[in-house]
Structures are given as structure tokens and as C-alpha cells.
Amino acid sequence: MTHVTVIGAGTMGNGIAHVFAMHGHQVVLVDVNEGALGRGMATITKNLDRMVRKEKISEQDKASTLERLTHTTDLADGVRKAELVVEAATERIDLKKKIFTDLDKYAPDTAILATNTSSISITQIAAVTNRPEQVIGMHFMNPVPVMKLVEVIRGYATSDAVTRQIMEKSKALGKVPVEVNDYPGFISNRILMPMINEAIISLHEGVAGVEEIDTVMKLGMAHPMGPLQLADFIGLDVCLSIMHVLHEGFGNPKYAPCPILVNMVTAGRLGVKSGEGFYQYTAGSKESVVAPSFSAR
Ligand code: CAA
């Protein structure tokens, strides 16, 4: 059994805590916000209930998973016993640097410090610590309990031993790890985000409407969601920030974010989490309709 601390109780953080606790690890969930911790724990309980209903786990599995989970707003206390920390806080480099400075200070010297970042350089994050060889990317996909992939990203200084441990740990969680190197967007978002951006550019140029673009990719390419629906699901702010990382990191104009994406984020249309993106969402409903600003196209 390993003591694992997850930093950040949002969508990714609570999913990561759920999966580690379900696989027998003692997990501490840390967030600066007490309300976020409450919402994160409620989501974990709801997702465990769903797994019980689908007969993937028993009531007893659910109870023991919840028993292995504690939470706190005190980071120093939360990482005191950690053998592995997985950071899943908001995607801001300044925030990640502050968190990793604190993790380096308070986590045991032997602890591995992983980040779930979707595009920020692992090497930059590791550089604020005194243990860059123990810093690594552990990039889970949303929804974490369902998606099989963990993209394991080696920073410039990450050791072979730490990479091996994280690959093994991911397999023990029932996931399929893939090792990649630290370049902008890694592999997942270097390929996914330009596809999403191209879908938005196609909409911008009037090549087709929202539903038509998504239908082509769903039925033609067997994607479970079309690129515009997936962008809403990921969060348009996250998509935009990843496009910025690619654009700045490679200096290639092909990565310039589409102006509609920039405008939507500026206007607070962030997708599912704000209730509207390319589609409109009603709280508690799985149904979505094309947002009014795009329905006339
Ligand atoms: N916890 C546990 N189980 C869950 C769950 C959750 N949060 N969400 C869904 N499930 C389970 C359901 O119980 C269901 O299980 P069964 O197949 O056994 O019945 C299964 O997942 C499918 O769920 P639904 O039937 O409710 O819905 P669906 O068929 O529409 O699938 C989906 C939902 C799995 C999200 C699917 O639409 C999908 O695969 N979408 C694409 C997801 C994707 O691309 N994710 C990556 C995003 S990119 C990212 O995360 C990284 C980044 O850096 C941006």
C-alpha cells in the first residue's frame, strides 16, 4: 500500500483520488478551498455509486474506498506521509511552481512528485525543486475512472527508476501507461488540440455547422464525441491555454488559436462548466443542444 496525496479536488483531482483509493492506496485529497473538497468528495461518492449500480464494484468496495480517503486544506500536513504526490491544480505555471516549491519543502525526501498537467513543461516545474529527478508527468484523461490511458512524461532530469515506478504504478491502477518526452503538448495534446482548433476554424469559415462537424467525426472516424462537443467537455479555457503553449513552444503559426475560441473564452463561454460553449447544457441533464449563437449557421 502506498500513501498518495492528490493536490486539487476538481474534475481531474477527484477522479485521480477515486482511482488510487479504489486500488488500495491510502489517499489524502488536498485543496485550498473547503467547498471544493466537499464537492470533490460528493463527486467521488456519486461515481462510486454509479459503479455499484453497474455491478463493477460491490457496496463493500465502495465503503472501503471511501474509508481510504481523507481530505484537508493543509498542504503541509496532507503530504507529510506521502510516497507519491499527484498535483492536479489549475493549469497555471505560477501556481504549479508555488505548489511544487511547497511540496519539495514538506513531502518526504524520497517522495515522487507527479503532475497531471495537460501541457505545462515538466522540466520547468521540476526546476523549482531540489529533486528534479523525482518529478514526472502523470497525465490522466477525463473521466479518470473510465479512460485507460496515463501519459507518463519524462522531464529533462527525470530518472529511469522514477519513470519505471510510475509506469508500474499506472498499470497497477488498471491503466495503460505510455512514456513520452517533455515537448509542448506532449503527444496527447499536440495531436488532439490542433484537431479541435481545426474544427473551430472550419466552423468559423462556414464550411459546416456545429452538429455537422461533430457528426462527421463521430460517424466517419468513430470518435465517441465530436471535436466541438469534446472541446466543451474539456473546457474551452483549457483548450485555449494548450493552443497558446503549442503556439509559443513551437513558434509555428499553424498553432494559432482560432479567433472564435479566443472570443468565447473572453466572454466566459467555457463549455459544460459554464453551461454553454458550442452547445447549451442544462444542469443535471446529459442532453445538449447547439448554442443559439451557432444554431443559425
Ligand atoms: N466515473 C465512473 N464511470 C463513469 C464516469 C465516471 N465519471 N463517466 C462515465 N462512466 C462510465 C459509465 O458508467 C458507462 O459505463 P458502462 O459502459 O459500463 O455502462 C461508461 O462510462 C460510458 O458512460 P455513459 O454511458 O454515461 O456515456 P457515454 O457512452 O456517452 O460515454 C464518455 C461517456 C466515456 C465520456 C465518452 O463520451 C467518451 O469516451 N468521450 C470522450 C472522452 C475523451 O476523449 N476524454 C479525453 C479528454 S482529453 C483529456 O482528458 C486530457 C487533456 O489534456 C485535455
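The values are calculated or read from the model by the stated rules, or taken from the named source; none is laboratory data. Just so it is clear, the structure is predicted and the values come from calculations on it, not from any experiment. Here the Cβ is made from the backbone with ideal geometry for all residues, glycine too, and neighbour counts use every protein chain on show.
Considering only residues that are touching an Asp or Glu at 6+ places or on another chain (Cβ under 6 Å) and of a type in the set (Lys, Arg), which ones fall in the range 133-153?
First pass over the range 133-153, keeping only residues touching an Asp or Glu at 6+ places or on another chain (Cβ under 6 Å): 139, 152-153.
Answer for the range 133-153, where residues must be touching an Asp or Glu at 6+ places or on another chain (Cβ under 6 Å) and of a type in the set (Lys, Arg): there is none.
Considering only the range 169-197, how many residues are in a helix (DSSP H, G or I) and either in contact with a Phe, Trp or Tyr (Cβ under 6 Å, 6 or more places away or on another chain) or away from the ligand (no atom under 16 Å from the Cβ) (or both)? First the steps, then the outcome.
First pass over the range 169-197, keeping only residues in a helix (DSSP H, G or I): 169-172, 188-197.
From what's left, either in contact with a Phe, Trp or Tyr (Cβ under 6 Å, 6 or more places away or on another chain) or away from the ligand (no atom under 16 Å from the Cβ) (or both): 169, 171-172.
Count: 3.
Of the residues 153, 166, which is in contact (Cβ under 8 Å) with a residue 12 or more places away in the chain, within 13 Å of the ligand (Cβ to nearest atom), under 29 Å from residue 225 (Cβ atoms) and not assigned by TED's automatic domain parsing to the domain that holds residue 243? I'd like the intermediate steps shown before the answer.
Working: 166 fails: within 13 Å of the ligand (Cβ to nearest atom).
Step by step, each of 153, 166 is checked, and only 153 is in contact (Cβ under 8 Å) with a residue 12 or more places away in the chain, within 13 Å of the ligand (Cβ to nearest atom), under 29 Å from residue 225 (Cβ atoms) and not assigned by TED's automatic domain parsing to the domain that holds residue 243.
Which of the numbered conditions does residue 229 fail, given that it passes all the others? Conditions: (1) polar (S, T, N, Q); (2) closer than 21 Å to residue 251 by Cα; (3) within 11 Å of the ligand (Cβ to nearest atom).
Single failed check for residue 229: (2).
Listed residues 283, 267, 208, 222; which is within 12 Å of the ligand (Cβ to nearest atom) and either in the same structural domain as residue 151 (by TED's automatic domain parsing) or aliphatic (A, V, I, L, M) (or both)? It would help to see each step written out before you state the result.
Details: 283 fails: within 12 Å of the ligand (Cβ to nearest atom); 267 fails: within 12 Å of the ligand (Cβ to nearest atom); 208 fails: within 12 Å of the ligand (Cβ to nearest atom).
Answer to the check: 222.
Regarding residue 63, is this residue in contact (Cβ under 8 Å) with a residue 60 or more places away in the chain and among the hydrophobic types (A, V, I, L, M, F, W, C)? Give the derivation first.
Working: in contact (Cβ under 8 Å) with a residue 60 or more places away in the chain: no; among the hydrophobic types (A, V, I, L, M, F, W, C): yes.
Answer is no for this residue.
Return yes or no: is residue 179 surrounded by 20 or more Cβ atoms within 10 Å (Cβ to Cβ), modelled with pLDDT of 95 or more and either over 27 Å from residue 280 (Cα atoms) or touching a strand residue (DSSP E or B) at 6+ places or on another chain (Cβ under 9 Å) (or both)?
On the way: surrounded by 20 or more Cβ atoms within 10 Å (Cβ to Cβ): no; modelled with pLDDT of 95 or more: yes; either over 27 Å from residue 280 (Cα atoms) or touching a strand residue (DSSP E or B) at 6+ places or on another chain (Cβ under 9 Å) (or both): yes.
Spelling it out, it is not the case that residue 179 is surrounded by 20 or more Cβ atoms within 10 Å (Cβ to Cβ), modelled with pLDDT of 95 or more and either over 27 Å from residue 280 (Cα atoms) or touching a strand residue (DSSP E or B) at 6+ places or on another chain (Cβ under 9 Å) (or both).
Surrounded by fewer than 20 Cβ atoms within 10 Å (Cβ to Cβ) and free of Cβ contacts under 8 Å to residues at least 40 places away in the same chain, is that true of residue 199?
Working: surrounded by fewer than 20 Cβ atoms within 10 Å (Cβ to Cβ): no; free of Cβ contacts under 8 Å to residues at least 40 places away in the same chain: yes.
No, not satisfied.
Out of all the residues in the range 27-59, which are within 10 Å of the ligand (Cβ to nearest atom) and among the basic types (Lys, Arg)?
46, 50, 53, 54, 56 - these are the residues of the range 27-59 that are within 10 Å of the ligand (Cβ to nearest atom) and among the basic types (Lys, Arg).
Within the set of pairs 6+ apart or on separate chains, which have a first residue in the range 78-103 that is over 21 Å from residue 26 (Cβ atoms), a second that is among the hydroxyl-bearing types (Ser, Thr, Tyr) and outside any helix (DSSP H, G or I), and C-beta atoms under 7 Å apart?
Here the result reads 91/117; 91/118; 96/115; 96/117; 100/129, each pair linking the range 78-103 to a residue that is among the hydroxyl-bearing types (Ser, Thr, Tyr) and outside any helix (DSSP H, G or I).
Checking residue 234 against (1) out of contact with any Asp or Glu (no Cβ under 9 Å at 6 or more places or on another chain); (2) free of Cβ contacts under 8 Å to residues at least 60 places away in the same chain, only one condition comes out false. Which one?
With respect to (1) out of contact with any Asp or Glu (no Cβ under 9 Å at 6 or more places or on another chain); (2) free of Cβ contacts under 8 Å to residues at least 60 places away in the same chain, residue 234 is out only on (2).
Residue under question is residue 150, and the condition is that it be among the hydrophobic types (A, V, I, L, M, F, W, C), modelled with pLDDT of 95 or more and in a loop (DSSP other than H, G, I, E, B); does it hold?
On the way: among the hydrophobic types (A, V, I, L, M, F, W, C): yes; modelled with pLDDT of 95 or more: yes; in a loop (DSSP other than H, G, I, E, B): no.
When the stated conditions are applied, residue 150 does not pass them.
Name the residue, out of 7, 16, that is under 21 Å from the mean Cα position of the chain (by Cα), under 18 Å from residue 143 (Cα atoms) and more than 16 Å from the ligand (Cβ to nearest atom).
Working: 16 fails: more than 16 Å from the ligand (Cβ to nearest atom).
Only one candidate qualifies: 7.
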